[in-house]
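The values are calculated or read from the model by the stated rules, or taken from the named source; none is laboratory data. These numbers come from a predicted model, not from an experiment. A quick note on method: Cβ atoms are made from the backbone with ideal geometry, for glycine too, and the neighbour counts reach across all protein chains shown.
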Amino acid sequence: MRLKRVPQDTVFYERLSDLVAQMRQCNLVLAELSGIEVSERRQVADRLREIGDQADEDMGAVLRALRENYITPFDRNDLYLLGHHMRDICHLLHGAGFVLASEAFDQLPSGVLETLAVLSNQTDHTSRMVTRLPGKLDQWDYVDSINRLTYQVEALQWRMSDAVPNSKRGLTYMAAVSQLGQAFVRAAYGFTELGKVVAAIAIKES
């Protein structure tokens, strides 16, 4: 395979934008899950698996672009890591949705809606970061915002896992709440890992 020596900047930004679109779809499904009956949740949650499959295909397109282009807009490893962590976030959100669809939640725990809003906010920040990336590689504001939002998710997990009200609903409910809180935190830290790559780009390129 011959590598192209002319920079193909747009192809990389287009593929990253595709991954952001999958992240947005995950957020929309999670929001839908929070507002429907228990009996309908599992079917809706299955859409997250399809979104994850599409994110895998989008990441495959990033890899093909890396193989086919000799010159890239910035460090090749950082381009790979951006796509990798964005794809990973889609799968982490899928995991959160799987737990959220549990029949244990006849009523969602306190803090779920707020957590979903924070995760959606992290996706919004990521979308703006990717949109600005062609002209601005130094995006420390993104890194700081993502870290702050991750801390918010952690704080909401503590509220969600409050043992006193949850114990009244039984051990199954308590276990499900614990799993859900952990899944939300893992998803938030997926954004933090993405932020580390953005920080690395800023350090190298600014």
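Can you confirm whether THR172 is touching a Ser or Thr at 6+ places or on another chain (Cβ under 7 Å), among the hydroxyl-bearing types (Ser, Thr, Tyr) and part of a helix (DSSP H, G or I)? So THR172 does not fit the description; no.
Closer than 30 Å to GLU37 by Cβ, touching a Phe, Trp or Tyr at 6+ places or on another chain (Cβ under 9 Å) and of a type in the set (Val, Ile, Thr) - does that describe any residue in the stretch 116-129? Yes: one or more hits.
Just to be sure I understand the filter: pairs with C-beta atoms under 7 Å, separated by 6 or more residues or on different chains, first member in the stretch 32-54 and surrounded by fewer than 14 Cβ atoms within 10 Å (Cβ to Cβ), second member part of a helix (DSSP H, G or I) and modelled with pLDDT of 95 or more. Which pairs pass? What qualifies is ILE36/VAL44; ARG49/HIS94.
If the condition is being buried (at least 20 other Cβ atoms within 10 Å of the Cβ) and either in a helix (DSSP H, G or I) or among the small types (Gly, Ala, Ser) (or both), then the stretch 131-144 contributes TYR142, VAL143.
Scanning the stretch 67-83 for residues that are surrounded by fewer than 18 Cβ atoms within 10 Å (Cβ to Cβ) and either within 11 Å of LEU16 (Cα to Cα) or among the aliphatic types (A, V, I, L, M) (or both) yields a total of 2. Among the residues that make up the stretch 123-134, is at least one of them under 25 Å from ASP18 (Cβ atoms), basic (Lys, Arg) and free of Cβ contacts under 8 Å to residues at least 12 places away in the same chain? Yes, the stretch 123-134 contains at least one residue that is under 25 Å from ASP18 (Cβ atoms), basic (Lys, Arg) and free of Cβ contacts under 8 Å to residues at least 12 places away in the same chain. A residue that is β-branched (Val, Ile, Thr) and over 21 Å from VAL11 (Cα atoms) occurs somewhere in the stretch 102-113. Figure legend. Inter-residue proximity from the stretch 56-76: first residues in contact (Cβ under 8 Å) with a residue 60 or more places away in the chain and closer than 14 Å to TYR13 by Cα, second residues surrounded by fewer than 18 Cβ atoms within 10 Å (Cβ to Cβ) and of a type in the set (S, T, N, Q), beta-carbon distance below 7 Å, spacing 6+ or different chains. Indicated pairs: ASN69/GLN8.
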